[in-house]
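Below: one structure, written as structure tokens.
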Amino acid sequence: MGNGLRYRIHTAFARSNLKPRREPYWHRISSGLFVGFRKLPVGEGTWIARYRAPFGRQQYRALGELPGLDDAIAIAMVWGQSKKAEMSPAKPGVATVESVCKTYVARLRVRRGEDSSRDAQGRFERRVFGTPFGAMVFADLRSHHVRDWRDDQVIEDDDAEVVRRSKDSVNRNLTSLKAAFNEALRDQLVETDAAWRAVEKFPGVGQRRSAFLAPEDRRRLLASCPRDLAILVRTLLLTLARPGEMANADVGHLDVAQGTLFVTGKTGSRWITLSSAALRLLKAQAKGRGACEPLLTDGDGLRWSKEGWKRRFKDAARSAGLSDDVVLYTLRHVGITEMVAGGVDSHLVAKLAGTSTKMIDQHYGHVQHSKTREHLDAVRILSARA
């Protein structure tokens, strides 16, 4: 048993000398399990237990007034064991969250093809497979498990746009998870969808990409960037890669002979076919460097990181007179928009960008419609007098 803050709450005398406050005085029992004493302005005070699952948010249970710490620990340990039991691995042959998701991916591949199944597979590999949540017995699932799984994925950041994109991504993960669970419901593995029906998406975070940089905006931005940042900006515009994918890329991932770049990121791995301009730029960065060295580096010769580019890009964007909603990720949006507007097939754009054709159609369909209208207007089906 950990010693934690025991000396502060182990006797009635010690507790009587504590200052009243809302936050309990905590004592650690074991990994993830705590018991706390809340000193009140009037009366002796109350006890509370706290437990955090390996993947989820903290859970609390009020224990009320008790004679002492040992009594609180005894009750908290029983409650903690029940929480851990909910997360215990399933016996062989028993459906788990992971097995349900794998079944769904296999059926999705048959029904809708490789692209749709690959998207779901990638989401489950990142958030379900090999996790305590994935190991749960599917029939034992409760809504608070799904809610904790959802909330634990949200990135905490002082940049509202980062949080919005994070929640938007979580919503897509939740959609795939619910689809897998609904498939299991149809297979009668459970009798009700109560465990996930009440867990809703985050509202108002799926806005269509609005920030766009016209050619003149891009020129001003590049002129405002230091040389190392300008190279990163050019690369993102030319490749459709995510910032993190380029940060992960090594020199050895560039295949000069084939004109391709191998990238790895949140959606898995893929080869990007490079334009001539992109290939020239990356060849220059790789020259004279080892295969295991980062392909792109900052001014200190270090691999790029979010902490390294975030503030510097914001400063460059402001110097260029761009709006505050322009972030490094905006460059990927600009590149995709230009490709779609240039008439590149949405399936090819999705393949290069490492996303689904559904996402391209959903967020960039308005660009495709405008381009299609230009082609239609050029066709003389009827004479001008008709």
> Can you spot a residue in the stretch 258-271 that is surrounded by fewer than 18 Cβ atoms within 10 Å (Cβ to Cβ) and farther than 30 Å from Asp115 by Cα?
Replying inline: no
> Which residue pairs have Cβ atoms closer than 6 Å, lie 6 or more positions apart in sequence or on different chains, and pair a first residue in the stretch 296-319 that is outside the structural domain of Leu221 (by TED's automatic domain parsing) with a second residue that is surrounded by 16 or more Cβ atoms within 10 Å (Cβ to Cβ) and of a type in the set (D, E, K, R)?
Replying inline: none
>> Criterion first (under 18 Å from Arg197 (Cα atoms) and surrounded by 20 or more Cβ atoms within 10 Å (Cβ to Cβ)) does Ser176 satisfy it?
In response: yes
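Would you mind finding the one in Ser275, Ser269 that is under 20 Å from Val349 (Cβ atoms) and out of contact with any helix residue (DSSP H, G or I) (no Cβ under 8 Å at 6 or more places or on another chain)?
On the way: Ser275 fails: out of contact with any helix residue (DSSP H, G or I) (no Cβ under 8 Å at 6 or more places or on another chain).
Exactly one residue qualifies, and that residue is Ser269.
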> Tell me, which helices (runs of 4 or more DSSP H) lie completely within the stretch 96-177 with 3 or more residues that are under 27 Å from His347 (Cβ atoms)?
Replying inline: 97-112, 114-127
>> Let me spell it out: the conditions are (1) part of a helix (DSSP H, G or I); (2) under 20 Å from Phe124 (Cα atoms), and Lys201 meets all of them except one. Which number is the exception?
In response: (1)
> Of all residues in the stretch 341-381 being of a type in the set (S, T, N, Q) and at pLDDT below 70, which is nearest to Lys266 (Cα to Cα)?
Replying inline: Gln368
> Which condition does Met246 not pass, out of (1) without any contact (Cβ under 8 Å) to a residue 60 or more places away in the chain; (2) of a type outside the set (Gly, Ala, Ser); (3) surrounded by fewer than 18 Cβ atoms within 10 Å (Cβ to Cβ); (4) closer than 28 Å to Ala120 by Cα, if it passes all the others?
Replying inline: (3)
>> Looking for something surrounded by 12 or more Cβ atoms within 10 Å (Cβ to Cβ) and under 15 Å from Ala257 (Cα atoms) - is there at least one such residue anywhere in the stretch 295-309?
In response: no
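The values are calculated or read from the model by the stated rules, or taken from the named source; none is laboratory data. Here the structure is a predicted model, which means the values were calculated and not measured. A quick note on method: Cβ atoms are made from the backbone with ideal geometry, for glycine too, and the neighbour counts reach across all protein chains shown.
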